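Values quoted throughout were computed directly from the atomic coordinates according to the rules given, and no laboratory measurement underlies them. Note that the coordinates shown come from a computational prediction; the quantities given were computed from them, not determined experimentally. Positions of Cβ are generated from backbone atoms using ideal geometry, with glycine treated the same way; all protein chains shown enter the neighbour counts.
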Amino acid sequence: MANDSYGVITMDGPAGVGKSTLARRLAAELGIAYLDTGAMYRTLGLRLGAAAADMSEAALRARCREYHFSLEAPEKGADPQLCCNGVPVGAEIRTEKAGRLASLVARLPVLREELQRAQREMGEGSSLVAEGRDMGTKVFPSARHKFFLDARPEVRARRRYLELEARGALNGETLEQIQRGIEARDAQDRGRAVDPLRPADDAVIVDTSDLDLEGVLRVILDSVAVKQAGTSPACSGPVHAGVRMVLSPAACFMLQNAEKREELFARARETGLAAAHAASSSSCGVALSCTLQGNGVFVAEAEAEEGPLARLRALAAAQAAAARLAEELSEESVTIEASLPGRI
Ligand code: DC
C-alpha cells in the first residue's frame, strides 16, 4: 500500500497519556511522517514568552509569522523532523517550563490560527500522524483515522514521574506535585474557550490506563487496517482482553453476599457490552464474564468474535465492566492490571 494512502491520522489526548511515544511508533510502523504539534506550541511559548498574552492581535500575528515550521528529512531516506526556520526543534522545549508556557500561549486565538494554518499545510497531500489536542476536531476534521487517547490522572502522573526520573530531570518534584500539575494543565486544556481538548465525534477512544504500549498500538493498527481495507484485518480466531482489579477488604466483604454480587456483576456486564457495541457497532458478538477470585481479585474477561475491531471491542468491554464495578463499589484504591490480547 502506498504510504500516501493513509492521509492524516489524528492522535489527540491530554498530557502524559503516552501520545507522543505511540504516535511516533505508529508513524514508524506505517512508514509515514510524524507531526508533533505540541512541539510547535512549546517552541512559540519559549520564543514569545508570557508577554505574548499582552500583545495586540496584529503584533502577535506578526511575531508568529517570524517562525516558519516544516517537516524536513536531515538526509535522504531519514525520518522527517520538525524544524523551525529550517533548524530541528531541540531538547530545550522538553522542560516543564516550556510546557507551562505552551499551555499559556495555546489559549491565544491568533497564535492558534497561525499554527493551525501551518499544520494544515504540512498535512496537505501527504500521509502523517498528527499528534496534539485539536487535530481531529479542528485542524483535520475530515481525517479518515482519528484516535483519542485517555488515562486516569494518577496513571499519567506516575508515567510522567518515572519518565522524568529516568532522565534525571525530576528536580525534586514529588509525584503529588506532578499530579497536581497534570490536573491543572488538563483543566486549562479542556476548559479553554478556543479549541478545548475533547474527542472528535468520530474518534476511536482508547483508555490506555491499564495497557502497555504494544497493546494500544495493536488496537490502533487494527483500526487503521479495518478502515483502509474496508474489511477486518487477518485474525486467526476470537480475541481476548481482560482486566484484573485488586479490591479492598471492605469491597470483598460486600461481594460475599451472593445476591448483591450477582446484581453488581450483572450491571458491570451490561455496561461492558454496551461499551463494546459503542466501540464498533458491528454485529460480531462479545462474551463477557465477571468473577471474584478468592484472593480479592476481580476479573473481567471479554472474548470478541473475529471481526472488525475485535481487539477494541474486547478491550472496551473488559475496561468498562471493571470501571462500572469500581464506581459502584466507590473503590478509590483499586489496583488494575490488564493484558491484551490473551486470557487473564
Ligand atoms: O503535548 P504537549 O505537552 O507537548 O503540548 C504542550 C501544550 O500545547 C499543551 O498544554 C497543550 C498545547 N497544545 C494545544 O493546545 N494544541 C495542540 N494541537 C497541541 C498542543
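Summary of values
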| quantity | calculated |
| --- | --- |
| Inter-label distance for S56 and L217, nm, one decimal - labels placed 7 Å from Cα along Cα-to-Cβ | 5.1 |
| Counted charge near G45, where neighbours are those whose Cβ lies closer than 15 Å (Asp, Glu -1; Lys, Arg +1) | +4 |
| Distance (nanometres) between label positions extended 7 Å along Cα→Cβ at N85 and R144 | 3.9 |
| Three-way shape label, region 8-209, alpha-carbon gyration tensor, a/c 1.5 | rounded |
| Stretch gain in nm, segment E96-M254, where the contour uses 0.36 nm per residue and the Cα spacing is subtracted | 52.5 nm |
| Spatial separation of Cα centroids for region 243-266 and region 161-219, in angstrom | 30 |
| Cα-only radius of gyration and Dmax that characterise region 1-115, units Å | 15.2, 49 |
| Over region 8-209, relative contact order from alpha-carbon pairs under 8 Å, at least 6 apart, % | 35 |
| Modelled FRET efficiency - R0 30 Å, E124 with T21, Cβ distances, 0.05 increments | 0.70 |
| C-alpha long axis of helix 153-166 to longest principal axis of the chain, angle in ° | 60 |
| Peptides 317-324, 84-91 ordered by average Cβ neighbours within 10 Å, highest first | 317-324, 84-91 |
| Gyration tensor verdict on region 148-281 (Cα atoms; rounded if a/c is under 1.5, prolate if a/b is larger than b/c, oblate otherwise) | oblate |
| Segment R65-E263, extension gain: residue separation times 0.36 nm, minus the distance between their alpha carbons | 65.2 nm |
| Per-residue Cβ neighbour rank within 10 angstrom, fewest leading, H240, H277, H68, H145 | H68, H277, H240, H145 |
| Cα-centred dipole magnitude for region 109-256, charges only on beta-carbon of K, R (+1) and D, E (-1), debye, nearest 20 | 100 |
| Relative contact order, percent, the chain [alpha-carbon distance under 8 Å, six or more residues apart] | 19 |
| Size of electric dipole in region 64-146: Cβ of Lys, Arg +1 and of Asp, Glu -1, about Cα centre, debye, nearest 20 | 400 |
| Theoretical ellipticity at 222 nm over the chain - DSSP helices of four or more residues, -39500 (n - 2.57) apiece, nearest 500 | -14500 deg cm²/dmol |
| The chain: angle of helix 19-30 to the longest principal axis, Cα-based, in degrees nearest 10 | 90 |
| Computed magnitude of the charge dipole of the chain (debye, nearest 20; Cβ of K, R +1, Cβ of D, E -1) | 640 |
| Dipole of the chain [Lys/Arg +1, Asp/Glu -1 at C-beta], most positive-end residue of G191, V206, G49 | G49 |
| Three-way shape call for region 163-220 based on the alpha-carbon gyration tensor, with the a/c threshold at 1.5 | oblate |
| Helix 310-328 axis, angle to the chain major axis (alpha carbon atoms, nearest 10°) | 70 |
| Per residue convex hull volume, Cα atoms of the chain, in Å³ | 147 |
| Length released on extending from V194 to N171, taking residue separation times 0.36 nm less the Cα-Cα span | 5.0 nm |
| Residues R159, R94, sorted so that the one with the fewest Cβ neighbours within 10 Å comes first | R94, R159 |
| Listed residue pairs exceeding 23 Å between alpha carbons, taken from K76/K138; K76/K146; K19/K227 | K76/K138; K76/K146 |
| Convex hull volume per residue in cubic angstrom - Cα atoms of region 54-140 | 116 |
